[in-house]
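Heads up: the structure comes next, in structure tokens.
The values are calculated or read from the model by the stated rules, or taken from the named source; none is laboratory data. Quick caveat: nothing in here was measured; it's all calculated off a predicted structure. Here the Cβ is made from the backbone with ideal geometry for all residues, glycine too, and neighbour counts use every protein chain on show.
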Amino acid sequence: MKPTEPLPLFHSWPILDSDRHFDLCHLVDGDAAATLSAVDDAFLARHSIGRWECDLKDSRLTWSDAVYDLFGLPRGTDLSRAATVAQYSEDSRAAMERLRAYAIQHHRGFTLDAQIRATDGTPRWMRLIAAPVCVGNRAIRLVGLKRELSPRH
């Protein structure tokens, strides 16, 4: 790993622990203490954080503007999970897919620092935070945040 690249972070956590992992005072350098649902997308975007959601029934993605910007896609573009996953580096894609499958099967959240390549070819690092939304004993979607990381976060 080059000295300018962030140290990778990845782990799984129980969804009962979601409040701690989505606590914005940890995500935004301690200047806000709000829950994920109470914060608007404009506030998140000022801190290079975007909201995302994936419907597990059909893999339909929903992104806030900051996630479109991170991936270098025009805002409002129709999204394909396969196309956006292809923007991940090979190592990051493999780690993300393993954590995603584990999260869905075991109802756990996860955090992953992943490298992507924006549509203009620019490599970027992001912190991906995800948690399943469950109905009964079945995960129906994944929700979370993506935050662009500086090379030396």
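If you filter the range 77-88 down to residues that are part of a loop (DSSP other than H, G, I, E, B) and not acidic (Asp, Glu), you find that the one that is nearest to Ala114 (Cα to Cα) is Gln87. Evaluate the following for Ser64: is it among the polar types (S, T, N, Q) and at pLDDT 95 or above? No: the conditions fail for Ser64. Restricting the range 89-113 to residues that are part of a strand (DSSP E or B) and charged (D, E, K, R) leaves a set whose member that is surrounded by the most Cβ atoms within 10 Å (Cβ to Cβ) is Arg108.
Against the list (1) surrounded by 13 or more Cβ atoms within 10 Å (Cβ to Cβ); (2) touching a His at 6+ places or on another chain (Cβ under 9 Å), the condition Asn137 fails is (1). Going residue by residue through the range 74-88, is there one that turns out to be closer than 15 Å to Arg51 by Cβ, in contact with an Asp or Glu (Cβ under 8 Å, 6 or more places away or on another chain) and surrounded by 20 or more Cβ atoms within 10 Å (Cβ to Cβ)? The answer is no, given that none of the residues of the range 74-88 is closer than 15 Å to Arg51 by Cβ, in contact with an Asp or Glu (Cβ under 8 Å, 6 or more places away or on another chain) and surrounded by 20 or more Cβ atoms within 10 Å (Cβ to Cβ).
Residue under question is Ala45, and the condition is that it be at pLDDT below 95, under 27 Å from Ser150 (Cβ atoms) and in a strand (DSSP E or B); does it hold? No: the conditions fail for Ala45.
Filtering the range 56-76 down to residues that are in a loop (DSSP other than H, G, I, E, B) and touching a residue at least 12 places away in the same chain (Cβ under 8 Å), which residue is farthest from the chain's Cα centre (by Cα)? By that ranking, first place goes to Lys57. Only residues that are farther than 24 Å from Leu44 by Cα and of a type outside the set (S, T, N, Q): list them for the range 70-98, please. Of everything in the range 70-98, those that are farther than 24 Å from Leu44 by Cα and of a type outside the set (S, T, N, Q) turn out to be Ala82, Ala83, Ala86, Glu90, Asp91, Arg93, Ala94, Ala95, Glu97, Arg98.
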